[in-house]
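J.: Please see the structure below; I have some questions.
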Amino acid sequence: MAYRITPWDRVAFKRCRRAWDLGSTQRRNREPREPARTLDLGSALRDALAVYYFPGMWAWDRAIVRPLATEAYLDSVRRQQARVRDLGADEAGAWAELLDVGATVLGRYFEWAPSVDQFTAIRVATEFSVNLPDPLHPGHDLVTGGEPVRYEGTIDLLMQEGSSHWLVRHVVTRREWRDAGQLRLDEEGLAACWAWESFFLGMRIEGMVYNELRVAPEPDLAHCQLFRRTWIPRTRVEIEPVGRQLALEAMDMIDPRVRIYPNASDDHCAGCAYRTPCLAMVAGLDPTPVLESQYRRRAVAAGEPPRFSPGMHRGSRLPSAGGGRTLH
């Protein structure tokens, strides 16, 4: 079986090897038995946008598509809620508040998007999986145990503008907008450009489009800028070396002598899903009882939750085939 590396693995390995070791599907493969007790609004909004931009309905009147996308949003929230038991009054109130905020943001997005959606939707919520090259043996794939090492992930949207193809990331944020320099440093987006070209041979990706939605408290929704779309073109000089970079990182991950150690910080640890077993290890205790009682083997790769697509193909037939831009 191929060794699978996801964007989550890359981030976790660089941030804290202990959390990576506990959570990676190729390592201890653990996730908390109890799901997060807060609504993942970003996931629900992305599920809605996967329906809104579904290629099979792209030529439909948006007035027909909007209620379908809204129902996808509500269905995503219901699925999350079904996994959480016994919400307290305060927790239930927080869910309801976020649900309303998300619905408001989505409705405002439906009003804004038609003025900037000057493209053709080609694929939505589509997985990719590609073999990594062997940096030490050009022309060969990187292998471990006789099996290839693969980089896997999901694109939110593949679009065509004129004769050019772009990948789109739907970014749901509560923070200030990132500037173009920060977006250009986005490793996951750049890796997706390389991986998609390797996955769909013959297609050239011009770059990444960041479709940003800002989630604000209800009183602020009427006064702040909620949406921004920024094009970050990528050159051959940027895209072509990415496979080697991914492979070099993968070589560290698959090394049987890889050193596992924590990287504690206020930023890393506050919301870490592996804080409890980590604290046990810090105290010199065996974390096995905690892992057995509070964690389980995960069903899907870390960072790759199932996406909304019941009964739907995620793409349509592919048609034959500058500087950064920002739209508000």
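The values are calculated or read from the model by the stated rules, or taken from the named source; none is laboratory data. Just so we're clear, the structure is a prediction, and the values are computed from it rather than from any experiment. Glycine gets a Cβ as well: all are built from the backbone with ideal geometry, and neighbour counts include every protein chain shown.
J.: Looking at ALA44, ALA72, ALA50, ALA59, which one is hydrophobic (A, V, I, L, M, F, W, C) and assigned to a loop (DSSP other than H, G, I, E, B)?
T.: Unique residue meeting the criteria: ALA59.
J.: What helices (runs of 4 or more DSSP H) completely inside segment 197-304 contain at least 3 residues that are closer than 23 Å to LEU185 by Cα and under 21 Å from the mean Cα position of the chain (by Cα)?
T.: Once the helices (runs of 4 or more DSSP H) in segment 197-304 are filtered for at least 3 residues that are closer than 23 Å to LEU185 by Cα and under 21 Å from the mean Cα position of the chain (by Cα), what remains is 242-254.
J.: Which of the following residues is within 20 Å of VAL143 (Cα to Cα) and either modelled with pLDDT of 95 or more or basic (Lys, Arg) (or both): ARG4, ARG15, ARG37?
T.: After applying the criteria, what remains is ARG4.
J.: Filter segment 162-175 down to residues that are charged (D, E, K, R) and modelled with pLDDT of 95 or more, then give me how many there are.
T.: Here the count works out to 1.
J.: Something else about it: Name the single residue that is farthest from GLY107 (Cα to Cα) among those in segment 65-76 being surrounded by fewer than 17 Cβ atoms within 10 Å (Cβ to Cβ) and not aliphatic (A, V, I, L, M).
T.: ASP75
J.: Got a number for residues in segment 34-64 being among the β-branched types (Val, Ile, Thr) and surrounded by 18 or more Cβ atoms within 10 Å (Cβ to Cβ)?
T.: Total satisfying the criteria: 1.
J.: Please count how many residues of segment 140-177 are among the small types (Gly, Ala, Ser) and in contact with a strand residue (DSSP E or B) (Cβ under 8 Å, 6 or more places away or on another chain).
T.: Residues flagged as among the small types (Gly, Ala, Ser) and in contact with a strand residue (DSSP E or B) (Cβ under 8 Å, 6 or more places away or on another chain) within segment 140-177 amount to 3.
J.: Checking LEU45 against (1) touching a strand residue (DSSP E or B) at 6+ places or on another chain (Cβ under 7 Å); (2) over 28 Å from VAL215 (Cα atoms), only one condition comes out false. Which one?
T.: (2)
J.: Let me ask something else about it. Just one of (1) in a helix (DSSP H, G or I); (2) surrounded by 17 or more Cβ atoms within 10 Å (Cβ to Cβ) trips up ARG28, so point out which.
T.: Condition not satisfied by ARG28: (1).
J.: Of the conditions (1) under 30 Å from LEU132 (Cα atoms); (2) buried (at least 17 other Cβ atoms within 10 Å of the Cβ); (3) of a type in the set (D, E, K, R), ARG15 satisfies every one except a single condition; which number is it?
T.: (2)
J.: Look through PRO138, PRO133 and report the one residue that is modelled with pLDDT under 95 and under 30 Å from ILE239 (Cβ atoms).
T.: Just a single option satisfies the conditions, and that option is PRO138.
J.: To continue, here is another question. From ARG79, ARG178, grab the single residue that is out of contact with any Leu (no Cβ under 8 Å at 6 or more places or on another chain), over 22 Å from GLU212 (Cβ atoms), surrounded by fewer than 18 Cβ atoms within 10 Å (Cβ to Cβ) and modelled with pLDDT under 95.
T.: The unique qualifying residue is ARG79.
J.: Considering MET203, MET208, which residue is aliphatic (A, V, I, L, M) and farther than 23 Å from TRP8 by Cα?
T.: Result of the check over MET203, MET208: MET203.
J.: Next question, about the same structure. Which condition from (1) in a helix (DSSP H, G or I); (2) within 22 Å of ALA216 (Cβ to Cβ) is the one that LEU39 breaks?
T.: (1)
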